[in-house]
1. Looking at this structure, is A:Ala397 within 12 Å of another protein chain (Cβ to nearest Cβ), among the hydrophobic types (A, V, I, L, M, F, W, C) and either surrounded by fewer than 19 Cβ atoms within 10 Å (Cβ to Cβ) or farther than 18 Å from A:Asp505 by Cβ (or both)?
2. Considering A:Asp299, A:Asp314, which residue is facing chain B (nearest Cβ under 9 Å) and of a type in the set (D, E, K, R)?
3. Looking at (1) within 8 Å of chain A (Cβ to nearest Cβ); (2) farther than 21 Å from B:Leu316 by Cβ; (3) of a type in the set (Val, Ile, Thr), can you tell me which one B:Ile198 breaks?
4. It is to be established whether one or more residues within the range A:367-380 are over 26 Å from A:Asp522 (Cα atoms), in contact with a strand residue (DSSP E or B) (Cβ under 6 Å, 6 or more places away or on another chain), of a type outside the set (D, E, K, R) and not in a loop (DSSP other than H, G, I, E, B).
5. Only residues that are touching an Asp or Glu at 6+ places or on another chain (Cβ under 9 Å) and at the interface with chain B (Cβ under 9 Å from one of its Cβ atoms): list them for the range A:247-278, please.
6. Condition test on A:Ile403, is it within 14 Å of another protein chain (Cβ to nearest Cβ) and part of a helix (DSSP H, G or I)?
7. Of the numbered conditions (1) farther than 28 Å from B:Arg135 by Cα; (2) touching a Ser or Thr at 6+ places or on another chain (Cβ under 8 Å); (3) assigned to a helix (DSSP H, G or I), B:Gly270 satisfies every one except a single condition; which is it?
8. Report the residue count in the range B:117-126 for those that are in contact with a Ser or Thr (Cβ under 9 Å, 6 or more places away or on another chain) and either within 11 Å of chain A (Cβ to nearest Cβ) or of a type in the set (Val, Ile, Thr) (or both).
Amino acid sequence: MSNLGIVMLVHTALNRAGQVARHWTASGCPVVIHVDRKVPDKVYAEFVAACSDDPLIRFSERHVCNWGGWGIVAASQSAAALMLEVFPDVRHVFLTSGACLPLRPVDELVTYLSDRPRVDFIESATTSDVSWTIGGLDQERFTLRFPFSWRKNRKLFDAYVKLQRALRIRRHIPEGLVPHMGSQWWCLTRQTLSAILQDPKRATYDRYFRRVWIPDESYFQTLTRLYSTHIESRSLTLSKFDYQGRPHIFYDDHLQLLRRSDCFVARKIWPNANRLYQAFLTDQAGAMKPAEPNPSKIDRVFSKAVERRTRGRDGLYMQSRFPRHGNENGLTSFPYSVFQGFTEVFEDFEPWLANITGARVHGHLFGPQRAEFAGGETIVNGGLSDCAKLRDYNPTAFVSNLIWNTRGEKQCFQFGPADTQEINWFLARDKNAQISVITGAWAIPLFRSNLNFADIRAEAARLQQIETKQLEILSSVWTKARLRTWTLAEFVESPVEPLQAVVEDAGTVQTSHLTEAPKMVDLTGFGQFLQNLKNQGMHPYLMGDFPPDDSFTNRIRPYRKPYLVQ
Amino acid sequence: MRLRRKRRILRCLRKRRDLVPVSVNTNSIRRKDILLISVIRNEKIRLPYFLDYYRQLGINHFLFVDNASDDGSLEYLAGQPDVSVWRADASYRRASFGVDWTNYLLRKFAHRHWVLTVDPDEFFIYPFCDTRPIRALTDWLDGCAVRSFSAMLIDMYPEGPVEDAVYSEGQNPFDIANWFDAGNYTITKNPTYGNLWIQGGPRARVFFRDEPKKAPALNKIPLVKWDKRYVYVSSTHALLPRGLNQVYDEWGGEKASGALLHAKLISTLGEKAQEEMERGQHYRSSGEYRAYAKHLADMPEFWCDKSESYINWRQLEILGLMSKGNWA
């Protein structure tokens, strides 16, 4: 008979538990099974009968096991006691559940433990050292009372905890105990285990732990500290928990992952994972080389799952992720640039920008006629259409979809007061948005148009009002976007520095210095045009200080050269 | 809301008189069986592949309501051992577009069962569906105390005109209609029932360019651990009590979700549109079918060079159309 004894706590999928128990006994390891009291007597009797031909399988006294309750500890106690009593050769007792599956040949585990005859494998850390507590209770697990079920009576549970906190009611921790917590799946030596079970003060300890919350994670973990000579604070059972403290479940498609983990035992296995049971319960000597358990690969898979569930993918809006205002963790998935007024000031701004930054440069995506996609396309990535009605049905979704569909590729687009304005708050709140505005530049196309002056005046008043409102939003305290603004006068006076900054923001390739500037439109007479607007009673203020004579535009002429060398 | 739910229940109890049992094998439903329910009309051509697909997924028993088919659907279904079928010759529209019938059957036969409510042209996809049966999903949902599971409708279409994608019985419809739109969906929250309202996709892009508001809803909650107090309120878009509609996370995380691949935009669409328009039995006086019939006259093509070709569920998860949530 082997030196290793298995205690198995079972409540469902009894046939699988029986299968695993026989796998252990086939290698000479005795098994004591505890079946939850809640299992109907008839089913229990059938199960016992089915195992009766195996002398190494025993059944212990049954307790009712509820999650987070004392029953699980009581079950472990009576099963372990039976094990120590009936099988005197057993040196290590391994606590498992019915959903545990040995991944490596049993002999390897036996050898591993024989090489470490005095070591107790139990995850055991003080309350201040663990980060995985559920419900935010760590130290208070040991000092408060928990008469109500967390799963069934959450409100009462929470209220009672609050009440005790308010009244400062504290339980007294028995002398000599330092609360420790850890995974409930342990492997202890006969010496340690019998010391715990036969302790003269056990009645005191049991009475205390009966009212501790989730005692199965703290009873043995705390008491082992009193007696063990050598604690290895880790569990030999591979067990992963999700963000609500529920164990992750292993399926057939985890076969390779489990093989590579080198762990001895894994839980929880889905009872219908036929391939897993078949692969690991058939003799597989030599399938895995002896190695220290290394669950890091599995860790990665499951911690990613937890992150996906709790944080999700930034900038994604979908059927099962629709964050409330303020909980988006980033409104879009990738940085992008918005330009306002640049196409008005420069004749060939879009091709120039595309050329120098390597980004995808769209025209006015929110133009009144259609979404002017780069290259005149009518449909872009993800099936996003240029139809203005579709776009304006949900303009913010249009932006987030575009950025999501093209993530990895920098997007730039033009914007202006003549465009759909519904996206302003969205842009302002988005930290991925880089917004550059030349205020008042919308006047240039009017200046160069062939409209009647009365119409120009009306249009100028309208656009100025829209842009003023937009600037108010962009400069609000909630703005997270990277915003740069210049008045038209400022910009025209020295365009190179702003251009340099803007290009650095927009570029995926770092451009050291601008060697080529776009061609500025001819602004001769623009000052007089603004003066005419003023004379007609409209006050154009967003352009900054533009002298009515052409002295200003004359002075800046040199910048109109297509080539600049710095 | 409670009143609304009760009214729905009363309504479905009243409409039970429409249902004439034809072949009822519900005695064979065992305690933990996973069920599927569907209302059909003249879908004989689709049924063999439909049943195969869902049997393979692990559905244990099918419940069908046949709304006055005359193409042999009823006879075909009556001959299947794992199918129970009722005939309803009454008005589809007056039965709240079939919802009253499903509500009644669900109440009667699906109490405490996981049940999938789908149309015969909808094919359920969920995370790991290529390696894990549907019971793995429902067991996991049970373990997480989740009662309902979302699966957004994804319209699949062929390359080339819809009429040219001719479907033959028993065929996988996605052999001829393998394309979909990956990222042009819009979402708003419906304050009445708390469900999301998703629109977009190829039908919005081609048929509803001028009135996107009228584009069909794509949000669906087809998989539910049923309780006899539950009711569907409009198709499978929303349920009562409202908590069942909370299939999405509002704090930035992702819940697990699936998809319903929709094999509607194939050659059968033309006949269907004509027939349904004449009957006027569909939602908004068959306005949707009216739009189809109008556009179908000029041989519409949904396919464009930005269309995405369907590979598997992992592709949908990467594209952000569905999510594994914390199922790993």
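1. Yes: the conditions hold for A:Ala397.
2. A:Asp314
3. (2)
4. The answer is yes; a qualifying residue exists.
5. Listed by number, the residues that qualify are A:His248, A:Ile249, A:Asp253, A:Trp270, A:Pro271, A:Asn272, A:Ala273.
6. So A:Ile403 passes the test.
7. Failing condition for B:Gly270: (2).
8. Counting residues in the range B:117-126 that are in contact with a Ser or Thr (Cβ under 9 Å, 6 or more places away or on another chain) and either within 11 Å of chain A (Cβ to nearest Cβ) or of a type in the set (Val, Ile, Thr) (or both) gives 2.
The values are calculated or read from the model by the stated rules, or taken from the named source; none is laboratory data. These numbers come from a predicted model, not from an experiment. Methodologically, a virtual Cβ is constructed for each residue, glycine included, from the backbone with ideal geometry; neighbour enumeration extends over all protein chains shown.
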